[in-house]
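Here's the structure we're looking at; comments come further down.
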Amino acid sequence: MTSFNEILGPDGVLTDAADVEPYLTDHRRLYRGRALAVVLPRSVDQISRLLAYCNEKRIAVVPHGGNTSYCGGATPDESGQQIVLALKRLNRIRNVDPLNYSLTVEAGCILADAQRAADEVERLFPLSLGSEGTCQIGGNLSTNAGGTNVLRYGMMRDLVLGLEVVLADGRILSTLGGLRKDNTGYDIKSLFLGAEGTLGVITAATLKLFSKARTSATAFAAVRNVQAAVELLSRLREATGDRVSSFELIPRIGIELTTRHIPGVKDPLKQAYEWHVLCEITSSRNADKLDDLLMESLEAAFEANLVLDAVVAKSDREREALWKIRETIPEAQRLDGASLKHDISLPITSLAEFVAKAGDWIRTNVPDGRLVAYGHVGDGNLHFNLNQSPGTPRDAFLAREASIKRVIHDMVRDFGGSFSAEHGIGRLKVDELERYAQPVELDLMRAVKRALDPNGILNPGKVVR
């Protein structure tokens, strides 16, 4: 540890079991590793020197952010020979430029802090996640995070103007200039977005800002079926001039689970329906009467037999109550029992057919499971989960995970979809990537990995072997 101490200082290296413990288990508690040490650098220079040393000595490095990953991407293996590189001390907001609509932050900056920095200059940073109070920008970049506003603003990859990255050999790449147009060769920065720390350690980013949303309208509507939800989204986009920022699909069981397990959650509609959507439109203009526009659109959809019932939030409290239903479904699932999770995406036009076909297969072949399919209709991303039925033995239900996953993921492939929509690959889905990626894709990924990390020290065992 002497060399680590020389690079990072006496308070920059953790080796005591109690200090290291929080960094050894992933968010979902799927993996528990061991570590040679946990290192806490305070500067990019320290990270540069650290990686150069680790590359020379062939010491593996596992970058670690807010530890909200669902795929074990920030957890060391069981060997005890890897170091965990925690980025939480690199948390400064370096620059806010409202005229350039940009924000430069370090990788350890909490997402909510980046949002506040934008808000303070009357701008919007649109990435919004359930974990935004703890997740870090570096992790958002490394997993290409999505969230509820992808429909209007895109995923994290779409929100980046430039990056600062420390490469495996310690060299520093910086493209933080904030340019929107730059056609000088390959777009190198894109390689590191979604790479989960396997190609370099992201230390800072210049992010896109947008005009602050000054008015909004939020509705919770029961729809005839999933196809009606897809058609309603199209109608809303046309009627609002593409101002739909969120459009979430919520099944009946999502209402049942949240009202049963989450205090304060109530069904906003008087009658029980099978499918619902939570939609929100926003504008940067105070003068826009979005409530009227949304209500008119829903009334037209009602006449077209797409919408069966709806409520429009009349206050911030009502809006928060509607969003609480959607945001607490994962917690309600956990409290209800074991669940099998599938983070999938499909062409939007195929969502209804997929849900019908896969739902029929589950009802026939998994009687001990209940389908909980919800998510971001606007970008085709469904959390296609199964919860154990009441009275079902937990271990017997979980033992079927591999066989059920194979059928669901094969079906997703047949529909032209993806088995990993927004949570990345990490350690959990390496086998799936090898099964479903085109051989040429895997060859290119491995070639890039060899070129940027020839000694394989960066987050080994994640994304590609």
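Here are some notes:
- Restricted to region 248-288, and to residues there that are open to solvent by less than 10 Å² (accessible area, probe 1.4 Å), in a helix (DSSP H, G or I) and touching an Asp or Glu at 6+ places or on another chain (Cβ under 8 Å), the residue that is farthest from R214 (Cα to Cα) is L257.
- Near pairs, Cβ below 6 angstrom, 6+ apart or cross-chain, from region 150-175 (among the acidic types (D, E)) to any residue that is outside any loop (DSSP other than H, G, I, E, B) and open to solvent by less than 20 Å² (accessible area, probe 1.4 Å): E164/T203; E164/A204
- Pairs, first farther than 20 Å from G378 by Cα in region 348-365, second of a type outside the set (A, V, I, L, M, F, W, C) and surrounded by 14 or more Cβ atoms within 10 Å (Cβ to Cβ), C-beta under 7 Å, six or more apart: I362/G369
For every residue, the table says whether it meets (1) under 23 Å from G72 (Cβ atoms); (2) of a type in the set (A, V, I, L, M); (3) open to solvent by less than 40 Å² (accessible area, probe 1.4 Å); (4) in contact with a Gly (Cβ under 9 Å, 6 or more places away or on another chain).
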{"residue": "L382", "(1), (2), (3), (4)": "yes, yes, yes, yes"}
{"residue": "T392", "(1), (2), (3), (4)": "no, no, yes, yes"}
{"residue": "A396", "(1), (2), (3), (4)": "no, yes, no, no"}
{"residue": "V430", "(1), (2), (3), (4)": "yes, yes, yes, yes"}
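- Taken over region 141-175, the criterion of being open to solvent by 10 Å² or more (accessible area, probe 1.4 Å), in a helix (DSSP H, G or I) and not hydroxyl-bearing (S, T, Y) is satisfied by V150, L151, R152, R157, D158.
- Looking at region 6-92, the strands (runs of 3 or more DSSP E) lying wholly inside it that each contain 3 or more residues that are touching a Phe, Trp or Tyr at 6+ places or on another chain (Cβ under 7 Å) sit at 37-39.
- Test: residue in region 219-236 that is among the hydroxyl-bearing types (S, T, Y), free of Cβ contacts under 8 Å to residues at least 12 places away in the same chain and not in a loop (DSSP other than H, G, I, E, B): yes
- The numbered conditions (1) surrounded by fewer than 18 Cβ atoms within 10 Å (Cβ to Cβ); (2) at negative phi are all true for G80 except (2).
Matching residues to (1) touching a helix residue (DSSP H, G or I) at 6+ places or on another chain (Cβ under 9 Å); (2) surrounded by fewer than 20 Cβ atoms within 10 Å (Cβ to Cβ):
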{"residue": "S389", "(1), (2)": "yes, yes"}
{"residue": "R427", "(1), (2)": "no, no"}
{"residue": "D443", "(1), (2)": "no, yes"}
{"residue": "R465", "(1), (2)": "yes, yes"}
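- Within region 231-247, if we keep just the residues that are of a type in the set (D, E, K, R) and at negative phi, the residue that is surrounded by the fewest Cβ atoms within 10 Å (Cβ to Cβ) turns out to be E238.
- Leading residue by the ranking (farthest from N144 (Cα to Cα)) among those in region 451-462 that are hydrophobic (A, V, I, L, M, F, W, C) and open to solvent by less than 20 Å² (accessible area, probe 1.4 Å): I457
The values are calculated or read from the model by the stated rules, or taken from the named source; none is laboratory data. Quick caveat: nothing in here was measured; it's all calculated off a predicted structure. Counting neighbours? That spans all protein chains shown, and the Cβs are built from the backbone with ideal geometry, glycine included. Accessible surface areas use protein heavy atoms only, side chains included; no ligands, DNA or RNA. Shrake-Rupley method; radii C 1.70, N 1.55, O 1.52, S 1.80 Å.
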